[in-house]
Amino acid sequence: HLAALVLARGGSKGIPLKNIKLLAGVPLIGWVLRAASDAGVFHSIWVSTDHDEIEKVAKQFGARVHRRSPEVSQDSSTSLEAIREFLNHHQEVDIVGNIQATSPCLHPSDLIKVADMIQKEGFDSVFSVVRRHQFRWSEVKKGENKMTEPQNLNPAKRYRRQDWPGELYENGSFYFAKRHLIEKGYLQGGKMAYYEMRAEHSVDIDIDIDWPIAEQRVLSFGYFGKEPLKEVKLLVCSIDGCLTNGRIYVTEDQKEMVSFDYRDIVGVDLLKRRGIQVRLISERDCSKTLSAMQLGCVAKVGTTNKLQVLEDWQKEMSLSWKEVAYLGNEESDVECLKKAGMSGVPADACAVAQKAAGYICKNNGGCGAVREFAEHIFLLLEKVNSARKQ
């Protein structure tokens, strides 16, 4: 029984609840859980946590949850202690694939190869490394009367990067080990091997990188699902709660007013300039509102079946679902969010909509969420174009 185990303690000295903070629209832990699930090699996928919110997110991504004890949830607690506690409660597990939540560029292909190494090639433990081309020098502490010394180079004959194979360093992305090793107090031992990850996939937020840079790396090199990304040609946006903030103001003479953010209007215009059709949908008859906003978009209002409308538009334009994006915020949008190749919700969307979406905006509905989702689409289109060139 090969189990994936992600350790995700609620406490964090750096970023509060870092493990579920949104990274490129997805909770940080969601990136590795998606990769583990799509690898298809694990008999079970677990998150070990002491926090209710992390448990909730883990379950949204299909993981099972082990509630760790306070004894292994301290700042001083080690990963090995948490893994051993997990094994004590799950006697069915023979091999643990400990995957680090802070490695969002992990791909299923890496996990598949490592599973083969430990299950078919007979290794007792396998861990991830990355190749680095860095020259090391000895440290000279303040007050010491000595000179630094080269550690892995001859300064008189410095290698060019292309002539030097570099060195292998642990990157902490994952540690696979058999039960008998872990019970003896080891994550690495027995018949041991490393697995070299590609440098662009070796992202460790704890060590190497800050959040905005990590988002760019994930958008460029992250894993987005089993099917390849395609160029988006249609964005369907729910009006109430996405394009507007969902509030309706009624005057004394019974006229309705809504509020919207001009940034979202610019976002719609930018999408149209890039050749992406924008269509609007609403359960409410808000035709007067749309007329006043002068967006020039095809719209369907007063509909009781958003999914049927979305399917009709998809067929009318002869699009695959991967070419359709959807921005919604309510329970009535859930099936549309699941169908669309790219899906998003504002930050204040209902819980079931957030669970169904691939991207959760930082902005609320009617407060820049449409513009933000448009920027997300543009970044992913750059990834599509880059893949074509390669």
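If you take the residues in the stretch 221-240 that are open to solvent by 20 Å² or more (accessible area, probe 1.4 Å) and among the hydrophobic types (A, V, I, L, M, F, W, C), which one is modelled with the lowest pLDDT? Filtering first and then ranking leaves 229. Checking the stretch 101-115 against the condition returns a match, with at least one residue being more than 25 Å from residue 215 (Cα to Cα), assigned by the TED database to the domain that holds residue 6 and open to solvent by less than 30 Å² (accessible area, probe 1.4 Å). Read through the list (1) under 20 Å from residue 173 (Cα atoms); (2) charged (D, E, K, R); (3) touching a Leu at 6+ places or on another chain (Cβ under 7 Å), then give the number of the only condition that residue 34 fails. Looking at each condition in turn, residue 34 falls short on (3). Candidates are the residues of the stretch 163-177 that are of a type in the set (Gly, Ala, Ser) and crowded, with 23+ Cβ neighbours inside 10 Å; the one that is farthest from residue 130 (Cα to Cα) is 177. Taken over the stretch 313-329, the criterion of being under 24 Å from residue 359 (Cα atoms) and loosely packed, with under 13 Cβ neighbours inside 10 Å is satisfied by 320 alone. Residues that are at positive phi and either at pLDDT 90 or above or open to solvent by 30 Å² or more (accessible area, probe 1.4 Å) (or both) within the stretch 2-53 comprise 17, 40, listed in sequence order. Considering 185, 172, the condition of being of a type outside the set (A, V, I, L, M) and under 28 Å from the mean Cα position of the chain (by Cα) is satisfied by 172 alone. Considering only the stretch 198-208, I want to know if a residue exists there that is open to solvent by 100 Å² or more (accessible area, probe 1.4 Å) and under 31 Å from the mean Cα position of the chain (by Cα). The answer is yes; a qualifying residue exists. Go through the residues of the stretch 366-384 one by one and say whether even a single one is of a type in the set (Phe, Trp, Tyr), closer than 28 Å to residue 56 by Cα and assigned to a strand (DSSP E or B). Among the residues of the stretch 366-384, not one is of a type in the set (Phe, Trp, Tyr), closer than 28 Å to residue 56 by Cα and assigned to a strand (DSSP E or B), which makes the answer no.
When you check residue 354 against the structure, is it outside any loop (DSSP other than H, G, I, E, B), open to solvent by less than 70 Å² (accessible area, probe 1.4 Å) and within 20 Å of residue 30 (Cα to Cα), yes or no? Judged against the criteria, residue 354 is a match. Residue count for the stretch 248-289 satisfying the condition of being open to solvent by 60 Å² or more (accessible area, probe 1.4 Å), touching a residue at least 60 places away in the same chain (Cβ under 8 Å) and not in a strand (DSSP E or B): 2. For residue 135, the test of being at pLDDT 95 or above, within 37 Å of the chain's Cα centre (by Cα) and of a type outside the set (Asp, Glu) is failed. Within the stretch 154-167, residues that are within 17 Å of residue 138 (Cβ to Cβ) and assigned by the TED database to the domain that holds residue 138 sit with their Cβ atoms under 8 Å from residues that are modelled with pLDDT of 85 or more and exposed (fewer than 10 other Cβ atoms within 10 Å of the Cβ), at 6+ positions apart or across chains, in these pairs: 167/134.
Within the stretch 171-191, count every residue that is aliphatic (A, V, I, L, M), in contact with a helix residue (DSSP H, G or I) (Cβ under 9 Å, 6 or more places away or on another chain) and not in a loop (DSSP other than H, G, I, E, B).
The qualifying residues number 2.
Summed over the stretch 56-71, the residues that are under 16 Å from residue 82 (Cα atoms), of a type in the set (D, E, K, R) and within 20 Å of the chain's Cα centre (by Cα) give a count of 1. Every condition in (1) under 27 Å from residue 198 (Cα atoms); (2) among the hydrophobic types (A, V, I, L, M, F, W, C); (3) touching a residue at least 40 places away in the same chain (Cβ under 8 Å) holds for residue 93 except the one numbered (1).
The values are calculated or read from the model by the stated rules, or taken from the named source; none is laboratory data. Please read these numbers as outputs of a predicted model, since none were measured by experiment. Note that each Cβ is placed from the backbone with ideal geometry, even for glycine, and that neighbours are counted across all protein chains shown. SASA here: full protein model, heavy atoms, side chains in, ligands and nucleic acids out. Shrake-Rupley method; radii C 1.70, N 1.55, O 1.52, S 1.80 Å.
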